[in-house]
Every structure is written in C-alpha cells, then in structure tokens.
Amino acid sequence: MTSHYLLLFLLSYLCSLSSSTPFPAHQQNLLTTLFGPDYNPLFIPVKNESVSQEVFLEATLQKIIDVDMDKGIFTTLVWLDMHWEDDYLKWDPEEYGGVDRLHLPPSRVWTPDIFLFNDITGHFEDDLKRDNPFLVVDSDGHVRWIPPLVLKTMCDFTGNSQETEHCELKFGSWVYNANQLDLISKISSMDLEGYTAHPVWDLESASLERHETKYDCCPEAFVDITYAIRFHTKSVWSLM
C-alpha cells in the first residue's frame, strides 16, 4: 500500500515538473531582460558616475615556464583572478525560476581593459579577451573572471648565476584613470598556493605593489598593480 502511494506521489511530482517552465527558458528570459538596449559592454557599469569602478585583482603564479637570459624574456603561467560589481547585471532569482547565477562569455559583458605593460608578444589583450573560459555573474551583480594566461615579459637579467634575478609583471588599465577605475588587491603578494617548482630555478618571492602614476599624456593618475618575482639558480648539488 505504501509503495502504491509513493508511486502516485512520484507521478504527481513528475507531472508538475513537466508543466512548469524549463530552467533554460528562465535563463533565456533573464538574458533578454539583462542585455536589452540599456546594457552596453563598452561602458563602465557604474550607475553613480561620482564613484570609480573597483576591480579586485589577484594573480596566481602557477609556474615559471622559461627564462631566456640572452633575450631577456621571462615566460610564466599565471591565473588572473578578477572580480567586480556590475550595477546593470542584478536581478531577483525568484522572478526567473530560481536562476541565481549565469555563466557567460566575456564578450557579452563589460570587462576591465587590463594591460600587461611589459608584454613582448603584442597580443596579450587578444589572449585575455578570449571567450573561454566563461565568467560567472551572480544575481547581486558580482562578476568573477579567472582567465589562465601564458605571459612573456621583458626583463633585465644579470646573467650571473650567483645573483638573484628579478622580473616584474605590471598590470593596469590602458584607458581609465584612477577616478574611473581602481585596481585593488586583498593580498600583499602573488598567490603561490598552486605553484609548481621549476627544475632549474628556485622561487624566492613574488611581492606586490600598487602604484598611482601620472604620465605626460594626462593630468589624472593611473593605477597599476605590479608583481616583482625574484628567483635564483638552484645549487649545483640540487641539480645532480
């Protein structure tokens, strides 16, 4: 008898599911609402023009790939972890079937124009702006984007195996000044939790500094976050 009632309950539940709006349909309705004529991914998504767009940036050093002493090229694998608030991408999940998160290609939404100032490839921006991986948008407007990047940067190496080598990764906005876009880091160094040791180079440190700099072009200051990576050659004994 109990199994009979259980079967009836399951059939009733399945029928209610089939009659409700499918989850993808709720997502589509939400996308149509969010990305109407009022949303433009070219403009900073702040409704109050008197405040700057805050972008929180953390860099995770995954590994040192190569150190070319002769050419002064430093190759690394880095994950850029960025998050910010988009005032135009907020909604009530109850109005959209419980949808409280979207996974979207970066080209659909505003993303900060982060530039690697000592990039030598000339295509850092193209690598950053790829539509894979997707970014995550929560219903409260919080956007998080973690693109993995192979970086090639220009560095001044000593070439002396007895000395510590040093290379910087300088990230900042190319267009927006400090009054428009502020870069913030919640930690005082690169994240090294997932770092894979190099067979030749020992990592000493990966510190962080935030700068506000005025250039000849403009009266306003521009913000950058610069990571200073220090490393040295492993001892002869450790390589044997």
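The values are calculated or read from the model by the stated rules, or taken from the named source; none is laboratory data. Please read all numbers here as calculations on a predicted model, not as lab measurements. Don't worry about glycine lacking a Cβ; one is built from the backbone with ideal geometry, like all the others, and counts go over all protein chains shown. Note: areas computed on protein heavy atoms with side chains; ligands, DNA, RNA excluded. Shrake-Rupley method; radii C 1.70, N 1.55, O 1.52, S 1.80 Å.
Pairing residues of the range 216-233 that are among the aliphatic types (A, V, I, L, M) with residues that are modelled with pLDDT under 90 and surrounded by fewer than 16 Cβ atoms within 10 Å (Cβ to Cβ), at Cβ distances under 9 Å and at least 6 apart in sequence or on separate chains, gives Ala221/Tyr215.
Scanning the range 49-83 for residues that are without any contact (Cβ under 8 Å) to a residue 24 or more places away in the chain and either open to solvent by less than 40 Å² (accessible area, probe 1.4 Å) or not hydrophobic (A, V, I, L, M, F, W, C) (or both) returns Glu49, Ser50, Asp66, Asp68, Asp70, Lys71. Scanning the range 70-125 for residues that are touching a Cys at 6+ places or on another chain (Cβ under 7 Å) and of a type in the set (S, T, N, Q) gives no hits.
Put simply, of Lys47, Lys63 the only residue that is among the basic types (Lys, Arg) and modelled with pLDDT of 95 or more is Lys63.
As a summary of the residue check, Leu151 satisfies the conditions (1) over 17 Å from the mean Cα position of the chain (by Cα); (2) among the hydrophobic types (A, V, I, L, M, F, W, C); (3) closer than 19 Å to Ile120 by Cβ except for the one numbered (1).
Among the residues making up the range 46-91, a single one is under 23 Å from Gly141 (Cβ atoms), in a strand (DSSP E or B) and among the β-branched types (Val, Ile, Thr): Val55.
Among the residues of the range 180-197, the ones that are surrounded by 12 or more Cβ atoms within 10 Å (Cβ to Cβ), out of contact with any Asp or Glu (no Cβ under 9 Å at 6 or more places or on another chain) and not polar (S, T, N, Q) come to 2 in all.
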